[in-house]
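For reference, the structure is listed below as structure tokens.
The values are calculated or read from the model by the stated rules, or taken from the named source; none is laboratory data. All figures in this text were calculated on a predicted structure; none of them were measured in a lab. In this analysis, Cβ positions are derived from the backbone assuming ideal geometry, glycine residues included, and neighbour counts consider all displayed protein chains. All accessible areas refer to the heavy atoms of the entire protein, side chains included, with ligands and DNA or RNA removed. Shrake-Rupley method; radii C 1.70, N 1.55, O 1.52, S 1.80 Å.
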Amino acid sequence: MRRTAVGVGALALAAVLLAPTGADAAAADPTPSPTPTSTPTPTPTPTVTATSLPSDTTVRTFSYGAHPQQRMDVWWHPTGERRPAVFVIHGGWWSGGDKKYTTSISRSYAQLGYTVITINYRLSGDAPWPAQRSDALNAIATMRKHAETFNMDPDRYVVLGFSAGGHIAAAVGTYGDGLPGLRGVAGISPVISPLTAYTDGDEGGDAYQRKLRRAAVALAGGCGPTQCPKVWSSMEVAFHASPSDAPMLTVHSLDEFVPPYQSELLKQALDEVGVKMTVRTMPGTQHSAPLYREPGVTEGVQSWIAARLAR
């Protein structure tokens, strides 16, 4: 059976009894500051095509780190004024998925004239949290450092994430005291609260909820909330809300296994520090990319991003 937002939220917050906040949270968070690579290294051939793109669009795959998963596809327009950027983060339970599965979404934003960066990141089987957030931060830092190369405006970008990638995107949005140039974060079915997912996935949860619980434990390095409270606190996006965070938009289906009340926990935290967050709900059970393709969702997200990236 599904639980109420109040009940599950209380259980999730109680799972980490002494969740650090403010300076204590920063001290407990094991993520180092992002270190951009000196030069993004191109791979021999691009992994995506540029079909139906403006004629000036270039698409290439680059390395932003030494690990095989630290790769990003960059779609850019070498001519004209510098373009604002959209970073896209794929889902897949933190343990799978690939940037190639968001190719059509990346293409659509390139068609709108943005610089688009679709990233792969170390999966939970490669490294535990916070490696995934660190990879996203490093990809962003690398692109900002080399913004001129890609005709990108380093001070106007958003991050768009799907499911587990939405969790990473939201964690980027509440990292530290805000990232320079970050104008907004959008998440489609984002796992905002791994603690809530852990609670929902006990013996009373459905198959997807139980799978998400196992995936969250794997992300934490195989360790549960009571055994590794600092890691789970680091994973919990709402615990890191601060006044300099970027505004956020999340979209959930009312009856999907990552329900809207996960985002409501973050909205409450962001409201308390004066950061605007919009939580949109759609009927049904669609999750992640299928939800994004529901009538009106793509257009709504694109309009929100356009407003954030306007001069």
**OP:** Would you mind computing, in nm to one decimal, how far apart the modelled labels at S104 and D155 are, each placed 7 Å from Cα along Cα→Cβ?
**Re:** 3.8 nm
Original post:
Using modelled amide H (1.01 Å from N, peptide plane; none on Pro or chain starts), what sits under 5 Å from the amide H of M282, excluding residues fewer than 5 places away?
Top reply: H252, S253, L254
**OP:** Please list, or write none, the lysines whose alpha carbon is within less than 26 Å of the alpha carbon of K267, excluding same-chain residues fewer than 8 places away.
**Re:** K211, K230, K276
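When Lys and Arg each count +1 and Asp and Glu each count -1, what net charge do the other residues less than 12 Å away from N151, Cβ to Cβ, add up to?
Values: positive: R82, R83; negative: D56, E81, E148, D153.
Charge balance near N151 sits at -2.
What accessible area per residue comes out for region 189-270, rounded to a whole number of Å², with a 1.4 Å probe? Working shown, then result.
On the way: 2710 Å² over 82 residues.
With all protein chains present, region 189-270 gives 33 Å² per residue.
Grab the beta carbon distance between D126 and V273, set R0 = 30 Å, and tell me the FRET efficiency rounded to 0.05. Walk me through the numbers on the way to the answer.
Numbers: r = 33 Å, r/R0 = 1.10.
Efficiency computed from Cβ-Cβ geometry: 0.35.
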**OP:** Tabulate in residue order the Karplus-calculated ³J(HN,Hα) for region 188-194, using 6.51 cos²θ - 1.76 cosθ + 1.60 with θ = phi - 60°, rounded to whole Hz; enter x for Gly and Pro.
**Re:** 10, 6, x, 7, 5, 10, x
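On full extension of the chain, what length is gained from R214 through Q227, given 0.36 nm per residue of separation minus the C-alpha to C-alpha distance? Please report the intermediate quantities before stating the final value.
Values: separation 13, 0.36 × 13 = 4.68 nm, distance 1.49 nm.
Full extension from R214 to Q227 adds 3.2 nm.
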Original post:
To the nearest 0.05, how large is the calculated FRET efficiency for Q111 and D255 if R₀ is 30 Å and r is the Cβ-Cβ distance?
Top reply: 0.40
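When you count, for each residue, the other Cβ atoms within 10 Å and take the mean per peptide, how do 287-297, 130-140 rank with the highest first?
Values: 287-297: 16.5, 130-140: 24.6.
In decreasing order of mean packing, 287-297, 130-140 become 130-140, 287-297.
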Subject >> Share of carbon and sulfur in the accessible heavy-atom surface of region 72-141 [1.4 Å probe, %] >> reply: 49 percent
Original post:
Roughly what would the spin-label model give for A207 and T281, points 7 Å off Cα along C-beta, in nm?
Top reply: 2.6 nm
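Indicate the gyration tensor shape class of region 171-311 (rounded, prolate or oblate), computed on the Cα atoms with a ≥ b ≥ c the square roots of the eigenvalues: a/c under 1.5 is rounded; otherwise a/b larger than b/c is prolate and the rest oblate. Don't skip to the end; give the middle numbers.
Details: a/c = 2.26, a/b = 1.21, b/c = 1.86.
Because a/c hits 1.5 or more and a/b fails to exceed b/c, region 171-311 counts as oblate.
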Subject >> Amide proton proximity set for H90, modelled H, under 5 Å, gap of 5+ >> reply: I119
Subject >> Accessible-area composition of region 162-311, carbon plus sulfur, in percent [1.4 Å probe] >> reply: 53 percent
Original post:
Once amide H atoms are built 1.01 Å from N in the peptide plane, which residues 5 or more positions from A186, or in another chain, come under 5 Å H to H?
Top reply: V159, L160, G161, L249
